[in-house]
Structure formats: C-alpha cells, structure tokens
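Working notes, structure below.
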Amino acid sequence: MSDAPMFLRSKAIVEPLVDRFFGWMHTVAPVQASMNLAYLQVPMLESYLQSPQVHIAASNNPELRGGFFVNIAEERSDEVRDLLDSIKRDRAAMIRFANAIAEGQELLRVNATGFDLTPLYPKLPPELNGLVELAYDTDNQAAVRFIEPLVYKSPVYMESRQSVQLSLEPGYERPFILSTPRLPSPDVLELPLPFRHDGLKELFMARVRPTSLNALREALEIGDDAQAALLAGLLSEQPSGAPDRHIEAGGRVRYFGHACLVMQSPQAAVVTDPFISADSTAGDRYTLDDLPDFIDLVLITHGHQDHIVLETLLQLRGRIGAVVAPRSSRGNLEDPSIALYLKNLGFPVVEVDDFDEVEIPGGKVVATPFLGEHCDLDIRGKSTYWVEMAGKAMFVGADSSGIDPVLYRYIREHLGQVDLAFLGMECDGASLTWLYQALLTKPVTKKMSDSRKLSGSNAEQAAAIMTELGASEAYVYAMGEEDWLGHVMATTYNDDTYQIKQINEFLTWCSDRGIHAEHLFRQREWRW
Ligand SMILES: [Fe+2]
Ligand SMILES: [Fe+2]
C-alpha cells in the first residue's frame, strides 16, 4: 500500500515560512530579511506581548485590514513569547547585521560629504566588512552597496529559518499572513525543510508524475508516523490534472486571477506572476489542475509579495524551463536581486534587462521597461513583458504605470503593434512605509510617505498607454480582487472606490474609441 503509485491531491497547499512568518523576498533575502526581522517583526512581537488584546481587536477591525498586527489568540501568547525568545537567541547575527546597516548608513550621512570615502571603511561596523562597498552617485549622495551574493554565503543567510506548512485548501479566505506568524496546528503537516529541498520538488512533481507514500516520506525526511499519516492525507490514487490543460492547435490565453496569465500554444507555455488557487471544487476559477505539465517560462514582473509568490512557485519547481527575472541594481538596500533569491531557492533562472529577448518554441519573450509603482525608490528589479506566441503579440503590463507614456511609444517602435494589452490599474496603492518601513534608516514623515504610493496607472495614464501602444484590446488586471489572494492582498473595493471608478472611466474611454476593453476578474479565456 505504501508503495502504491500516488499523486498529490488537487487541493494540497504549501505555506512557506521563515521563523514562522510569511516567506517572501523581503523576509528571505538576507539583507532585507535582517532589516525586516530587526525593525518590523521583533518590534511587532514585542508590541503584541505588551498588549495582545490591542492586536487582536485591530486584526478584527475591517477598517484596519492589512495593517501590521499580530492576530493570535491571547491563550497562545506563550508560544509567541517562545518564538520571540528563539529569534533573539538564534538570529542574533541577523539582528546585529541590521543594526550595523543602520549604523553604516548613519556613518555615511554624517561623514560622506563629497570627499574620499576610504577613511570610512575602518569605521564601519565589523559585521559589514567584506560585504559592502561605499559609493557616491554623481551628485555626491553616498550609499552602502551590498555584495549580495556574498551575503547569501555569510552566516546572515540562515536556511534553518525556513520551514513549510502543508495542508489542504480550506475553501474559505485564509487570514492575512504578512504580519501574523503561523503557529502549529494539528491538521497541518509542518516540515523544517529549506525551500530548496529536493523532497519538496518531489512532492509537488507528484501533481503530474506518480510517486509513493514511502518514497515521499523518505524524500521529505519524515520519521514520525503521525506526520506520515498527515502526508498520506495529501495524496490520492488519481491524478487531478484537467483533461484540457494542453492544446492541440492554435493559441490560448487563460486568466488565472490577479496578475497570472497562462499563454499556450501546442509547443510552448508561458505563465506570468503565478499566484494560483488550489480550490478545485470552487468551479469559478482555474486552479493548479489547469496548468500544463511543463511550463517553458515563468515571467516575474517585480518583487512585490503578490507577484513573486512562493506558495505557487514552490508547487511548480521541477516543471519549469526557467523563471525569467528582471535584473536588479546589484546591491541597493531597497532592491534585492530577484535572480539570486530564486537561485538560492533552487529555481532555474534567466535574468533579463530591458529589451533582452528569450526564445520559446514558435515565439519569443522580450523584457520591456516597467515605470514607477515602487514609491520612487531606486528599484530596477521590475519588468513588463512582450510575448509573441501563436501569431499574437501580448503586452504584460503588470503594475507599471503611465507616469511617462512616451516610454510606450518606444516599445511600439521597437517591437511593433500589440494585440492584447494587460494593464494594472491599482492607482491608489499602499504608501511607502507600508511595504518598505523596515528598510528606511532615516524616518520619513507621514505626509512624505503618503505622497509616495505603490500605484499603477489611473484612467488617464492607462488611456495614454493605450494611445502609445496602439493595442486593439485592453484588459485591466492585477487588481488583487480575487478572494484566494486575501491572505496576502487584504484589498477591499466597492463601486465607490477610487480604483474601480478609474477603471470604469478607462473602459468608457476605450469603448468611445472602438477599443475592446474589459476589467478581468477570476477567470477568462481567449482562444484562437
Ligand atoms: Fe506591485
Ligand atoms: Fe500588484
């Protein structure tokens, strides 16, 4: 029985955790993870332990949805205290590193006045020695530049922080995960494995290739019988792949919700920003069952937590030709390398710059520039994409905004006219401190923070993009409206919300000009 061929059940989900917090680039990549641990997560746990009721009340207040509060019942506060103690003990090197970064920045603020930086090296905190270079821009603004590949090889990158929780999709919206550590739960299989562990690849490959309980138990290093029983509950004798997950002729695009598009021809498959539901009985969405067995390229548009999503990416490892990742600025505090991050998690990666091309059978992908949506921080790890497949050209615009629509004229001049344009219109995004607070070593005022938002295009900017691209069809997407994203997105819109009004204004603008336009939600299919 334990050697019988088995598949992973359709509804199996994984939650990747670091010290029990949500695992994403800014909590995993060592420089940013250290800053988030020291300046966001530890203070938040301390604040919770001071007054758990305040955190619980705030977590349950719809007005504060998406705020940074710990949503854990008071009777489990001892577990939170244990977690905080273990972080302070076992992650002391990360906390020291974060403090050293803040000191290094302060050293530059006071001493880097345009003169030689060499005398500052001996004054740097020792934790930074060998891992940073100091440099001015041409305007004499000095910054610390991290030699990021070395930081991954230093004691600050601790894979022992990583673990996964495996369970079955519950069928309701999971609680907001960005601020609340996930504690153990009796029906959840918890494995202390680094995300790159081969056993996880074996487990998720069992969606498309049979294995056995015994083989998986060994691959995942499960000695405990109770845990093995939980593992058995994730397996099924039947594969769950949808019969129409591949196509025989022509081309097809399917919208899987949020920023995820699956583009297919008989020869190739390209998936953008995968964030995919496992709720295969909901019936109102495409799920992991609808993915082709092999994906030539996964395109990552940028590093935000709703676009590079480990809970889906880990499910795909082993079935991907390469993940295409935009090149970062190499060492800026605010701009971790997406490629390094993914490589350290065991993914095959192709790193691209603007206008780099990646071939696919019967087509190509071209990286195109991405403007804005990062609170005016110098973040280069972002890209839109031009995809040519089965005779159609598609522009994957993600959250890029139309701050300067002339950019899109260059894209058209360089690449031609696009058939389908996918545009993000989250035009009133969160403010600077919501996402980047832990990285800001100099305080910013609320007014300053609120003036710098994570915003995509409004109606006027989206219209200007369409004018410049000359696309014949426009699809507004990536609005974070689907309920299976709630644990990461925490967005709430209604018909009176600014974003929805702007989308409707844009749709009217399109229809006045004979441009077919839609606001995508949950699922959609194009077939030709
Ligand atoms: Fe974004
Ligand atoms: Fe987004």
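P405 satisfies every condition listed in (1) in contact with a helix residue (DSSP H, G or I) (Cβ under 7 Å, 6 or more places away or on another chain); (2) of a type outside the set (D, E); (3) within 16 Å of ligand 2 (Cβ to nearest atom) except (3).
Taking the numbered list (1) in contact with a Phe, Trp or Tyr (Cβ under 8 Å, 6 or more places away or on another chain); (2) more than 22 Å from L316 (Cβ to Cβ); (3) of a type in the set (V, I, T) in turn, I177 passes all entries but (2).
Is there a residue in the stretch 153-169 that is farther than 30 Å from I56 by Cα, aromatic (F, W, Y) and touching a helix residue (DSSP H, G or I) at 6+ places or on another chain (Cβ under 9 Å)? Scanning the stretch 153-169 turns up at least one residue that is farther than 30 Å from I56 by Cα, aromatic (F, W, Y) and touching a helix residue (DSSP H, G or I) at 6+ places or on another chain (Cβ under 9 Å).
Restricted to the stretch 153-207, and to residues there that are open to solvent by less than 20 Å² (accessible area, probe 1.4 Å) and of a type in the set (K, R), the residue that is nearest to R76 (Cα to Cα) is R161.
Does P292 satisfy being assigned to a loop (DSSP other than H, G, I, E, B), out of contact with any strand residue (DSSP E or B) (no Cβ under 9 Å at 6 or more places or on another chain), farther than 20 Å from A421 by Cβ and not β-branched (V, I, T)? No; evaluated as a whole, the condition is false for this residue. Scoring H374 on the criteria (1) away from ligand 2 (no atom under 16 Å from the Cβ); (2) out of contact with any Ser or Thr (no Cβ under 6 Å at 6 or more places or on another chain); (3) touching a residue at least 60 places away in the same chain (Cβ under 8 Å) leaves a single failure, condition (1).
One line per residue, one yes/no per condition, for (1) surrounded by fewer than 19 Cβ atoms within 10 Å (Cβ to Cβ); (2) more than 15 Å from ligand 2 (Cβ to nearest atom):
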| residue | (1), (2) |
| --- | --- |
| S449 | no, yes |
| K453 | no, no |
| T467 | yes, yes |
| G470 | yes, yes |
| E481 | no, no |
| V488 | no, no |
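So, of the residues in the stretch 9-25 that are open to solvent by less than 10 Å² (accessible area, probe 1.4 Å) and not in a strand (DSSP E or B), which turns out to be farthest from D187 (Cα to Cα)? Per the criteria, the residue is M25.
In the stretch 62-78, the residues that are under 16 Å from L40 (Cβ atoms) form Cβ pairs under 9 Å with partners that are open to solvent by 80 Å² or more (accessible area, probe 1.4 Å), at six or more places apart or across chains, as follows: G66/T492; F68/Q437; F69/V54; N71/N60. Scanning the stretch 508-519 for residues that are under 28 Å from the mean Cα position of the chain (by Cα) and buried (at least 18 other Cβ atoms within 10 Å of the Cβ) turns up just one, A517.
Could you list, in sequence order, all residues of the stretch 292-306 that are within 16 Å of ligand 1 (Cβ to nearest atom), under 17 Å from F256 (Cβ atoms), crowded, with 22+ Cβ neighbours inside 10 Å and of a type outside the set (S, T, Y)? If the condition is that a residue be within 16 Å of ligand 1 (Cβ to nearest atom), under 17 Å from F256 (Cβ atoms), crowded, with 22+ Cβ neighbours inside 10 Å and of a type outside the set (S, T, Y), then L299, I300 are the ones that fit. Taking the conditions (1) away from ligand 2 (no atom under 16 Å from the Cβ); (2) farther than 30 Å from V365 by Cα; (3) open to solvent by less than 10 Å² (accessible area, probe 1.4 Å) in turn, V444 satisfies each one other than (3). Number of residues in the stretch 222-277 that are on the phi > 0 side of the Ramachandran plot and either away from ligand 2 (no atom under 16 Å from the Cβ) or surrounded by fewer than 22 Cβ atoms within 10 Å (Cβ to Cβ) (or both): the value is 1.
Matching residues to (1) hydroxyl-bearing (S, T, Y); (2) open to solvent by less than 40 Å² (accessible area, probe 1.4 Å); (3) at negative phi; (4) within 16 Å of ligand 1 (Cβ to nearest atom):
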site: S280; (1), (2), (3), (4): yes, no, yes, no
site: G283; (1), (2), (3), (4): no, no, no, no
site: I308; (1), (2), (3), (4): no, yes, yes, yes
site: R317; (1), (2), (3), (4): no, yes, yes, no
site: G321; (1), (2), (3), (4): no, yes, yes, no
site: S337; (1), (2), (3), (4): yes, yes, yes, no
site: D353; (1), (2), (3), (4): no, no, yes, no
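Applying the criterion of being of a type in the set (S, T, N, Q) and part of a strand (DSSP E or B) to the residues of the stretch 359-385, the residue that is farthest from ligand 1 (Cβ to nearest atom) is T368. Candidates F69, F97: the one that is assigned to a loop (DSSP other than H, G, I, E, B), surrounded by 15 or more Cβ atoms within 10 Å (Cβ to Cβ) and aromatic (F, W, Y) is F69.
Check whether at least one residue in the stretch 505-516 is in contact (Cβ under 8 Å) with a residue 40 or more places away in the chain and either under 23 Å from P274 (Cα atoms) or part of a strand (DSSP E or B) (or both), and report yes or no.
yes
I'd like to check something: does the stretch 228-237 contain any residue that is in contact with a helix residue (DSSP H, G or I) (Cβ under 9 Å, 6 or more places away or on another chain) and over 19 Å from V14 (Cα atoms)? Looking through the stretch 228-237, none of the residues is in contact with a helix residue (DSSP H, G or I) (Cβ under 9 Å, 6 or more places away or on another chain) and over 19 Å from V14 (Cα atoms).
Annotation note: of G346, G321, the sole residue that is in a strand (DSSP E or B), more than 16 Å from ligand 2 (Cβ to nearest atom) and modelled with pLDDT of 95 or more is G321. Of the residues in the stretch 386-401, none is assigned to a loop (DSSP other than H, G, I, E, B), among the aromatic types (F, W, Y) and farther than 28 Å from P16 by Cα. Of the helices (runs of 4 or more DSSP H) lying entirely inside the stretch 411-486, the ones with 3 or more residues being hydrophobic (A, V, I, L, M, F, W, C) and either more than 16 Å from ligand 1 (Cβ to nearest atom) or over 22 Å from T497 (Cα atoms) (or both) are found at 459-469.
The values are calculated or read from the model by the stated rules, or taken from the named source; none is laboratory data. Not measured: the values here are computed from a predicted model. Because the Cβ atoms are built from the backbone with ideal geometry, glycine has one as well, and the counts that use them run over all protein chains shown. Just the protein is used for accessible areas: all its heavy atoms, side chains included, with ligands, DNA and RNA removed. Shrake-Rupley method; radii C 1.70, N 1.55, O 1.52, S 1.80 Å.
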